[in-house]
Amino acid sequence: MRTGVLALQGDFAAHAAALERLGASTREVRRTSQLDGLDGLVLPGGESTTLLRLMEDEPWFEALTAFHARGAALLGTCAGAILLSRRVTGPAQRSLGLLHAEIRRNGFGRQIDSFERELALTDGSTTVSGVFIRAPRFTALGAEVEVLAELNGEPVLVGQRGILASTFHPELTRDLWLHRRFLELAGRAEAATVDPATVAV
């Protein structure tokens, strides 16, 4: 299995280190051509508007949509979750629209409001550690989106066929649960069959 981390901006090195601790062969991806041969890609946290500007040099939207459609897995954390979501508010901005969700930027407050929490998974199996830094907030989810973890009754980790998205940073902790789950998903991901344009949130 070969995975990649989008390395245009943000905390990509920490994600790569987490995946490598789990034994995954990991590539830092800076060109669309480097998606070839990968089973999964992490879209890391950072600044979503900066990331969008950096993506203007190549056809990243088309490449990532095709990457997911061929069955590769995606993990988006914080800004990565914003990029994956169908609708972005606070303010509105362009996004891939692969995750059938609405998300609000900086929904948990500014940098000064950062915090770390142990989050219980909704199936009760374990907890996952997450750091919230200028974290976005899911404000609506499509019917096929599964809530995997909540904070005070709000979804902070969700899944949809071939996609995982968290509003927090797992890579800033020693907890490898989410990266392990991503590797499992990359090993069995199936091509998406639902057109995002047809799904209301």
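Here, each number is a calculation from the coordinates, and none is a lab measurement. The structure presented is a predicted model; accordingly, all values stated were derived computationally and were not measured. A quick note on method: Cβ atoms are made from the backbone with ideal geometry, for glycine too, and the neighbour counts reach across all protein chains shown.
A few notes on this one:
- Distance from the range 128-155 to the range 2-39 (C-alpha centre basis), Å: 24 Å
- Global form of the range 1-53, assessed from the alpha-carbon gyration tensor, a/c cut-off 1.5: oblate
- Remark: relative contact order (the range 2-198) = 21 percent; criterion is Cα-Cα distance under 8 angstrom and separation of 6 or more residues.
- DSSP finds beta bridges in the range 2-198, and of those with both partners inside it, around 50 percent are antiparallel.
- Close amide H contacts of Leu119 (hydrogens built in the peptide plane, cut-off under 5 Å, sequence separation of 5 or more or a different chain): Val128, Ser129, Gly130.
- Most fluctuating residue given options Gly40, Gly80, Gly159, as computed from a GNM of the chain linking Cα atoms under 10 Å: Gly159
- The residues neighbouring Arg134, those whose beta-carbon lies less than 13 Å from its own, together hold a net charge of +1 under the Lys/Arg +1, Asp/Glu -1 convention.
- Per-residue HN-Hα couplings for the range 76-92 [Karplus 6.51, -1.76, 1.60; θ = phi - 60°; Hz; x = Gly/Pro]: x, 10, 6, 4, x, 5, 4, 4, 6, 5, 6, 9, 10, 10, x, x, 5
- Using the Karplus relation 6.51 cos²θ - 1.76 cosθ + 1.60 with θ = phi - 60°, the per-residue 3J(HN,Hα) values for the range 126-143 come to 6, 10, 10, 8, x, 9, 9, 10, 6, 6, x, 9, 6, 10, 7, 10, x, 4 Hz, with x marking Gly and Pro.
- Summarising the amide proton neighbourhood of Val5: residues at separation of 5 or more, or on other chains, whose placed amide H is nearer than 5 Å comprise Arg27, Glu28, Val29, Val42.
- Separation in nanometres of the label points that stand 7 Å from Cα toward Cβ, at Glu116 and Arg174: 1.0 nm
- Working note: Karplus 6.51/-1.76/1.60 with θ = phi - 60° gives the range 3-14 the couplings 10, x, 10, 4, 10, 7, 5, x, 8, 5, 5, 5 Hz, where Gly and Pro are set to x.
- Gly45 long-range amide H proximity, modeled H, under 5 Å: Asp11, Thr77, Ala79, Gly80
- In plain terms, the bigger the Kirkwood radius, the slower the diffusion; for the chain, with that radius from Cα pairs, at 4 °C and 1.567 mPa s, Stokes-Einstein puts D at 79 µm²/s.
- Overall shape: prolate for the range 31-121, with the ratio a/c of the largest to smallest alpha carbon gyration tensor axis at 1.5 or above and a/b above b/c.
- If you take all other residues with their beta carbon under 15 Å from the beta carbon of Gly109, and give Lys and Arg +1 and Asp and Glu -1, the sum is +3.
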